[in-house]
Amino acid sequence: MYANVQPDKNKRLQEYRVMAAFSEVADALDEICDEAINVDREGNVARIVFKDSDISSDDQGKINEEWKKYSNYFEFNKKGWEYFRQLLVDAEIFFEHIIHKDHPDKGILGVLTIPSDLIDPVYSNVQNMLVKGYLFRKAIYDSKNPTKIKEIQMIPMEQNQVTYVNSGIWNENKTLRLPFIENVRRSYRQLSLIEDSIVIYRLVNAPERLVFNVDVGNMAPPKAEAYLRKLMQQYWQKRTFDGDQGNAVNKFNPQSMLDAYWFAKRAGSEGTTVTKLAPGQNLGQLDDLIYFVKKLYKALKVPVTRVNPEDAYNDGESILREELKFARFIIRLQQRMASGIKPGFITHLKLRGIWDKLGIRENSFEIEFNVPTNFYELRENQKLQLDRKSTRLNSSH
């Protein structure tokens, strides 16, 4: 039921994508991706935040101009949602840099998305997560049979050729990158099993069953049994019109057979009676199913208040603690994306000659995505108001 992680990458990714297509998992992932992409008034999803005060405003303007050009290659406004979903499901995103062979000083001219199941990073130091290159598996198809792969050609790629974003999660042996959706494997299996069992229980116990207590008088047991069988055959068949024969015929009715019980009653009884058995109880109660749905949402760090779409949206003074935790989780996810994109932007600045010319260091700036606005910023405003209140109270004393 709770299988180990597949060592084969293609099978592993296929399993994760099947999990992501499950309706409840898909809804939770949609909630996460919707919160991760936030467009500001200028139409930007991510921006440069300078940490080094020695960089002049003119130099900052040049870097911002290059960032705007570089970030447009990724089209975060249109494709950012897909990137975050791939990061949650596949654990890795790869972008190949397009550089002009004769004019490398133009910098990176574009990016191409590489399917994560066709490329792997090669580490020089796994402990410190230092990547020295990448290995791309190019499929060579048979010219006589285009659907058949003749061989797999291994193509090495330099570190600066690829922008690599990962989930930051390893397996226990640090040999495989695991996606965030791995946290929901057990809840996903439990929910799918409980849904199937509930459907089976509803189908089996929903119909009302009839109990036939047939008076057989003083008949001998064999005759009584034959008499019951005759009545059962009559009950199991129904009169219907057959177009091929052109007349009414007795047709077998399997549903009637499933919904009745037959018992022989001896002499001295009150005669033949027909009673009903009550259908299955608690058919409309889904508390057990809701429990596993909430458990699945908790595994994905999505507030369980979002399970029921009829719940009112709370935007007042009080904010649920789990909503704040969810906003912080989104920010951590955005930081993973930003930390993966930053080395590619540094490569672009170095090719353009701006890196050495302005004396920029890696800690001179950071890339930040716009934080979720609905809960996080409101919470920050509440903190500011509390600080002001405490300041006024201290000053009054």
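The values are calculated or read from the model by the stated rules, or taken from the named source; none is laboratory data. The model shown is predicted, which means the values in this text are computed figures rather than measured ones. Note that each Cβ is placed from the backbone with ideal geometry, even for glycine, and that neighbours are counted across all protein chains shown. The area values use the complete protein model at the heavy-atom level, side chains included, leaving out ligands, DNA and RNA. Shrake-Rupley method; radii C 1.70, N 1.55, O 1.52, S 1.80 Å.
Points worth noting:
- Area of residue 356 that stays accessible when all protein chains are in place (1.4 Å probe, Å², to 10): 130
- Accessible solvent surface per residue of the range 75-150, calculated while the other protein chains remain in place, 1.4 angstrom probe, Å²: 59
- As a fraction of the 1.4 Å probe accessible area of the range 148-196, surface on carbon and sulfur atoms comes out at 45 percent.
- Gain on full extension, evaluated as 0.36 nm per residue between residue 175 and residue 213 minus their Cα-Cα distance, stands at 6.9 nm.
- Taking 0.36 nm per residue of separation and subtracting the current Cα-Cα distance, fully stretching the chain between residue 125 and residue 204 would add 22.6 nm.
- Cleavage-rule hits, trypsin sites (Lys or Arg not before Pro), the range 40-130, DSSP coil, Cβ neighbours within 10 Å at most 16: 41, 51, 101
- Sites listed here are GluC sites (Glu not before Pro) in the range 1-57 whose DSSP assignment is loop and whose Cβ has at most 16 other Cβ atoms within 10 Å: 42.
- Table column - 3J(HN,Hα) (Hz), the range 5-19, Karplus curve with 6.51, -1.76, 1.60, x for Gly and Pro: 5, 5, x, 6, 5, 4, 5, 5, 5, 4, 5, 5, 6, 5, 4
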